[in-house]
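A quick write-up on the structure given underneath.
The values are calculated or read from the model by the stated rules, or taken from the named source; none is laboratory data. The structure presented is a predicted model; accordingly, all values stated were derived computationally and were not measured. Because the Cβ atoms are built from the backbone with ideal geometry, glycine has one as well, and the counts that use them run over all protein chains shown. To get the accessible areas, we keep the full protein, side chains included, count just its heavy atoms, and leave off ligands, DNA and RNA. Shrake-Rupley method; radii C 1.70, N 1.55, O 1.52, S 1.80 Å.
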2 protein chains.
Amino acid sequence: MRILIPLFLLPVLAFAASQSGPSVPTPINVMPLPASVQTQPGRLKLDGSFTVATGGYSGVRLQAAILRLQQRLEGRTGIALPLGVAATSGTPAALTITVNAGGGLYPKLGDDESYSLEIAGARASLSANTEWGALRGMETLLQLVAGDSSGYYFPFVSIQDKPRFPWRGLMIDVGRHFQPVEVIKRNIAGMAAVKMNVFHWHLSDDQGFRIESKRYPKLHEMGSAGLYYTQGQVREVVAYAADRGVRVIPEFDMPGHTGAWMVGHPELASAPGLYARELRWGIFDPTMDPTREETFQFLDGLIGEMAALFPDEYFHIGGDENNGKQWQANPQIQEFMRAHGYHTTAELQTYFNQRVLQIVQKHGKKMVGWDEILTPDLPKDAVVQSWRGYKSLDQAAREGYKTIWSTTYYLDHMGPAEYHYLSDPLPVDSKLTAEQASHIVGGEVCAWAEFLSPENIDSRIWPRTAAIAERFWSPQNVTDIADMYRRLDAVTVWLEQDGTLQLSSTDKMLRQTSGTAELGPLGVLAKITSPEGVGVREELTRSSAPSTQLTPLVRLTDAVAPDPPYRRQFAALVEQLLSDAPRFAASSDALTKTFQQWRDMGPGFAAMAAAAPVLRDGSSRVVQLQKLGSAGLEALNYLHSGTTPPDDWKAAQLALIKQAETPDMSLLKLPWMRSYRTLILAAAGVGELKGANPKEWKQKIADEAARQEPTQKYTW
Amino acid sequence: MRILIPLFLLPVLAFAASQSGPSVPTPINVMPLPASVQTQPGRLKLDGSFTVATGGYSGVRLQAAILRLQQRLEGRTGIALPLGVAATSGTPAALTITVNAGGGLYPKLGDDESYSLEIAGARASLSANTEWGALRGMETLLQLVAGDSSGYYFPFVSIQDKPRFPWRGLMIDVGRHFQPVEVIKRNIAGMAAVKMNVFHWHLSDDQGFRIESKRYPKLHEMGSAGLYYTQGQVREVVAYAADRGVRVIPEFDMPGHTGAWMVGHPELASAPGLYARELRWGIFDPTMDPTREETFQFLDGLIGEMAALFPDEYFHIGGDENNGKQWQANPQIQEFMRAHGYHTTAELQTYFNQRVLQIVQKHGKKMVGWDEILTPDLPKDAVVQSWRGYKSLDQAAREGYKTIWSTTYYLDHMGPAEYHYLSDPLPVDSKLTAEQASHIVGGEVCAWAEFLSPENIDSRIWPRTAAIAERFWSPQNVTDIADMYRRLDAVTVWLEQDGTLQLSSTDKMLRQTSGTAELGPLGVLAKITSPEGVGVREELTRSSAPSTQLTPLVRLTDAVAPDPPYRRQFAALVEQLLSDAPRFAASSDALTKTFQQWRDMGPGFAAMAAAAPVLRDGSSRVVQLQKLGSAGLEALNYLHSGTTPPDDWKAAQLALIKQAETPDMSLLKLPWMRSYRTLILAAAGVGELKGANPKEWKQKIADEAARQEPTQKYTW
């Protein structure tokens, strides 16, 4: 499922890219933004008398959710709240949650998740048709808590809310790198906090078969190196997710990506021999033999066993990236193809899919697959997961299939949140009819795991996934990037309360490798860099030091976070500086300090890298940062003095920038380089400011910076 | 188990208090320091060819420990190592671990934990009589990894090591605040990393009965609010601990501290009525009725059930703090006492203890109890845990009882590591004979849980417990405070790799309450403050806002760490400055920056506290810090200019210092105040420097600062 289409570099000056969202009278920090929000002057106090009652339906799940809500409120405010559901007699409760009906044992596609939240006077009222809606509304309520000199409160607000798409998923690949149950749970908690509702569990791949099979124990015993989920753990995860309104869909990728199955069951393969679990990354040959009836008998047994473990009505069979080599090399299979009139391995895979589909249906499930499954005769209740672009998405929708969008939600590109955020399963310019468009039921974020460890997975998933969650939930026209980031900065802190580690993992990993709690220049480097995407990483390391499943993921590039807030902070500083032309006093002190810090970080970093050789990775970027710091200080001087630098200064700095923008073995990006280039160009062009309109001058500089942006393509 | 004896304020200038330790040719970062270390020039390279083989005994436990060792090495160095045990044929392994014999199913008191580690030439050799010794030696090896420009390596070293005391424990109270299994596990991992070997699990108290009893399910069902360990979880913890050479000793505190038992079993109490789980802190009345045979039948059932769950030969029955009130108020019990000739409730408790002892023995266990159990007729195989001072410890030892020391290892005093470190179970000046002294088998750190949450428990336990672990393990004369802190700063980072959270929990908690990832002045405040001890906290809050089990533990005082490194860093800055008299240039810039930061932190902090009222706690200290910052800058000016300040300046600053040293409702200490006072006194006395010997002048200032130190006593 590597993305093969080019992704162009994105606009990085977030504040310049904002578009207008819906009218919101006062800023609220809720993410995803509700469908409709009206705020009113006034507030409901949150203090030790804040009771919660239920009206209508009230079951164990709702009561547990209320207790979690109260504990999370306590954790944020320090207020000891009356825990549990208040008696309905006596004083009316501060918050009443009215649910018309329970949601059944498990959430399912199409559940009513709408709710309304009214906070006015001395009471708040959360109403929903189902428990699921109430869960969503509680997350909104929690995000509304505010404080000021008079204490904590909820602002008066009237919210009518419901999701735009019913399928709002996150896929985690545990085949390539296993993730312990606690990692899965905390990520499901994070999903629920931003109203996502599908956890897609990629349970098997060439590198690992990660779930206990009682029927075919050799699958996990021989295919996982001991790293698999017991069926008890799976039940625990399914129940944990259901309590939070999250469906769990297992994926058993087949007929390719099945190398780990064949360690214990070589008879499933299309070529004879002994199979070992694959430790490398890529697309490999092992493929199930679709010409043997025993293959389908086996799958009938396994799917039957797994269908009973996962209550969701959907079952993902993968179906992607079969390279066809084993099929082409096997005379019997070739003979089978001839006999059935199949000219391509794709046609044979269609046959395989049809057979698997029958098995999936026999066990009461509907099928989901990657977009390769979209072939003639695919039954209409299958769901197509599009990972290769709008063409397959639109085609599936036109043909009447439910379809979900993942192409632009691959987190391992390490792109910024805004890139994912602006990418819509159903873009404004979609050519689909309304009826066709209705088949696009949502999307899924994909966390492929070549470079994910339990230590760094959270910083790869969060907070970017929260921005995508808003794309899935909120109205199509909610696209204000600056406002998104403002709320994302708040939401990432809240997510941490639910257990995710994205705000602490970078420093923790760097402490482990540096052996010190005083990170100094290493901490500076970590704050201002981001990891290269999987494509660049694999390309650069393929020949010299190819990564495998056994490679420790503790390099700098493994530790630093994608889309660091620093990119926006630095952009804002440069923006302020240039907006203050010709004085250039605004934010000048902050930039001076920053550049001095870069200029001077060399010796300290070198000392740390000497004692901890794994850190040497960062040396190339540190050398560049020292130069970028010095040049930044020079640029500030030119701007302040209004002096045009010597002729070769600009060329020298642009050469330096180009070098710093080129991927290297550090696998670290300096993601604020457009802002830096703008600053350098401004200094070089400060002479043109004389007599010019400062605004026009600034725009000219910005345009030149944009033109010089590398049009580098990432291809996977 | 609150400590009632006074603890005097300690010397806080760590570097001034150092005593000489054993001769160590080159500094190594190992903690606890081994009994004997010889280093040699040379090194053994650690790279991708570093294999590990076993010689002699090799079982599953040893193999698992080797794999953990390798994974921890990988995590610190990024080197992909050949995992598992290498084949013995072929090239000799880089490290050979030779164990004479397995250690049995579980560790036990008196196990041979000695080992020797020889690193020389191209090989390392770890030898031990038992697996337990090998486990200890692997922790030493892991701490020896170093790096430089040529890569990672182990220095050539010859280590002969064994523990000074065989009982090196940590008690965690899960009665007052429950701790999930993962908290227990990561703390056991931390214990093993510093060679501790007893986890004392305080499982029941007035506030909670925390373990599932299948025989008497009302105990946990009604006495825990759902927060208890299942027996499956207990087995898991016991196995996890055994794999790390850690014994698990359960404590069921009785006959007092049993309020939570009586919620489900009121018939156990000495007064009739309905019992509710106690939510407050203190000593309460509910006490078992020792006059009813049914009480002992019940205990026989429970202890029998629990004895089977915990394989260790010792079983802790508590026995402390029975206030005797229920016994005095119950006519039947009074009659029983008269009939048996008991004049005091203490005598009745002796009777109770005797009966419980018989039950404990019947189930194959030896008894441990708090020092109240030390009464005539206590059988000689009981272990006395001394929490009330050396008197009871020495008395127990003289009478031939095995005894363990805890009095000075109460973490909730929030004292510095050096205080605990310098306190010895068997002090140099002990009056005991060698034979008597041999009964002192070790000590236990105590983590009482009035103010412990899963979020902050690690920062209360670690790294201070690592210093105490060294006291338990290393030779008596290892008492160099500066060297201890140097190694403690390294060990706390390593502990984090094993899962403890002490280095990240403060900021994480502050993010949750402040709602922002950019902590700014709040982060500054957190770095330079420490929490008041439990005594001060309870005294200050008793009337206005008494804490209970339901109080959210998210105040600043709950988040900041005891004994912050900042105390030592600030002391070093002041020391450098004054050692540079009369220039006062050394560290002057750093102090200026620090004081400016304090002086200017007010508005930023106020803005954060306005939006997050729970932070207002810190306001009083922030106001003082602003003044301390300004005065610090003035002091630097006086020193630099050699000008004596006006007469009232010194008095004003000392008044400010006194205020800042007085506990207040912020419950935050400024633990570097002695150094600050020294600076102020130096500035006030700068006039006397003219013509004086700077060293003598500095000593005079230091003496005056010491005299002015508050002689505040903490009493609990």
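Summary table below
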| item | result |
| --- | --- |
| Tally, over the stretch B:548-560, of residues that are out of contact with any helix residue (DSSP H, G or I) (no Cβ under 6 Å at 6 or more places or on another chain), more than 9 Å from chain A (Cβ to nearest Cβ) and in a loop (DSSP other than H, G, I, E, B) | 1 |
| Pair list, Cβ under 6 Å, 6 or more apart: the stretch A:655-667 residue touching a residue at least 40 places away in the same chain (Cβ under 8 Å) and under 20 Å from A:Ala526 (Cβ atoms), other residue of a type in the set (S, T, N, Q) and part of a helix (DSSP H, G or I) | A:Asp664/A:Ser620; A:Ser666/A:Ser620; A:Leu667/A:Thr557 |
| Unmet criterion (only one of (1) surrounded by fewer than 20 Cβ atoms within 10 Å (Cβ to Cβ); (2) free of Cβ contacts under 8 Å to residues at least 60 places away in the same chain; (3) away from chain B (no Cβ under 14 Å)) for A:Leu95 | (1) |
| Complete set of residues in the stretch A:492-503 that are at the interface with chain B (Cβ under 7 Å from one of its Cβ atoms) and over 19 Å from A:Ile184 (Cβ atoms) | A:Thr492, A:Val493, A:Leu503 |
| The stretch A:56-67 residues that are buried (at least 18 other Cβ atoms within 10 Å of the Cβ), paired with ones that are modelled with pLDDT under 95 and part of a strand (DSSP E or B) (beta carbon under 9 Å, 6 or more apart) | A:Tyr57/A:Ala101 |
| Boolean, A:Leu525 is open to solvent by less than 10 Å² (accessible area, probe 1.4 Å) and more than 10 Å from every other protein chain (Cβ to nearest Cβ) | yes |
| Options B:Ala241, B:Ala189, B:Ala225: the member that is in contact (Cβ under 8 Å) with a residue 40 or more places away in the chain, crowded, with 24+ Cβ neighbours inside 10 Å, more than 21 Å from B:Asp320 (Cβ to Cβ) and aliphatic (A, V, I, L, M) | B:Ala241 |
| Residue within the stretch A:364-373 that is more than 30 Å from A:Asp429 (Cβ to Cβ) and not in a loop (DSSP other than H, G, I, E, B) present | yes |
| Matching residues, the stretch A:615-655, being within 14 Å of chain B (Cβ to nearest Cβ) and in contact with a strand residue (DSSP E or B) (Cβ under 8 Å, 6 or more places away or on another chain) | A:Asp617, A:Gly618 |
| A:Ser423 open to solvent by 10 Å² or more (accessible area, probe 1.4 Å) and polar (S, T, N, Q) | yes |
| Residues that are of a type in the set (Ser, Thr, Tyr) and crowded, with 16+ Cβ neighbours inside 10 Å, drawn from the stretch A:566-583 | A:Tyr566 |
| Residue that is nearest to the other protein chains (Cβ to nearest Cβ), among those in the stretch B:68-83 that are open to solvent by 20 Å² or more (accessible area, probe 1.4 Å), part of a loop (DSSP other than H, G, I, E, B) and in contact (Cβ under 8 Å) with a residue 24 or more places away in the chain | B:Ala80 |
| Residues within the stretch A:314-347 that are hydrophobic (A, V, I, L, M, F, W, C) and at pLDDT below 95, tallied | 1 |
| Residues of the stretch A:437-483 classified as without any contact (Cβ under 8 Å) to a residue 60 or more places away in the chain and surrounded by fewer than 18 Cβ atoms within 10 Å (Cβ to Cβ), total | 2 |
| Residues within the stretch B:356-390 that are out of contact with any Leu (no Cβ under 8 Å at 6 or more places or on another chain), of a type in the set (D, E, K, R) and surrounded by 19 or more Cβ atoms within 10 Å (Cβ to Cβ), tallied | 2 |
| Subset of the stretch A:504-538 (residues that are free of Cβ contacts under 8 Å to residues at least 12 places away in the same chain and not small (Gly, Ala, Ser)) | A:Arg511, A:Glu518 |
| Failed item in (1) assigned to a loop (DSSP other than H, G, I, E, B); (2) of a type in the set (Asp, Glu); (3) open to solvent by less than 30 Å² (accessible area, probe 1.4 Å); (4) within 11 Å of chain A (Cβ to nearest Cβ), with B:Asp563 passing the rest | (4) |
| Hey, A:Glu688 in contact with a helix residue (DSSP H, G or I) (Cβ under 8 Å, 6 or more places away or on another chain), open to solvent by 20 Å² or more (accessible area, probe 1.4 Å) and free of Cβ contacts under 8 Å to residues at least 24 places away in the same chain or not | yes |
| Residue match in the stretch A:152-159 (condition: outside any loop (DSSP other than H, G, I, E, B), over 30 Å from A:Thr39 (Cα atoms), touching a Pro at 6+ places or on another chain (Cβ under 6 Å) and more than 14 Å from chain B (Cβ to nearest Cβ)) | no |
| Subset of the stretch A:207-230 that is in a loop (DSSP other than H, G, I, E, B) and under 23 Å from the mean Cα position of the chain (by Cα) - its residue that is farthest from A:Thr548 (Cα to Cα) | A:Arg210 |
| Helices (runs of 4 or more DSSP H) completely within the stretch A:286-345 that count 2 or more residues being in contact (Cβ under 8 Å) with a residue 12 or more places away in the chain and open to solvent by less than 10 Å² (accessible area, probe 1.4 Å) | A:293-309 |
| Tally, over the stretch A:470-491, of residues that are of a type outside the set (Asp, Glu), more than 16 Å from A:Leu426 (Cβ to Cβ) and more than 14 Å from every other protein chain (Cβ to nearest Cβ) | 3 |
| Test: residue in the stretch B:530-543 that is closer than 30 Å to A:Tyr485 by Cα and polar (S, T, N, Q) | no |
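Residues are listed down the side, and each one gets a yes or a no for (1) of a type outside the set (D, E, K, R); (2) within 23 Å of B:Val356 (Cα to Cα); (3) modelled with pLDDT of 95 or more:
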residue: B:Tyr153; (1), (2), (3): yes, no, yes
residue: B:Phe165; (1), (2), (3): yes, no, yes
residue: B:Arg176; (1), (2), (3): no, no, yes
residue: B:Ile188; (1), (2), (3): yes, no, yes
residue: B:Phe199; (1), (2), (3): yes, yes, yes
residue: B:Asp206; (1), (2), (3): no, yes, yes
residue: B:Leu219; (1), (2), (3): yes, yes, yes
residue: B:Thr230; (1), (2), (3): yes, no, yes
residue: B:Ala242; (1), (2), (3): yes, no, yes
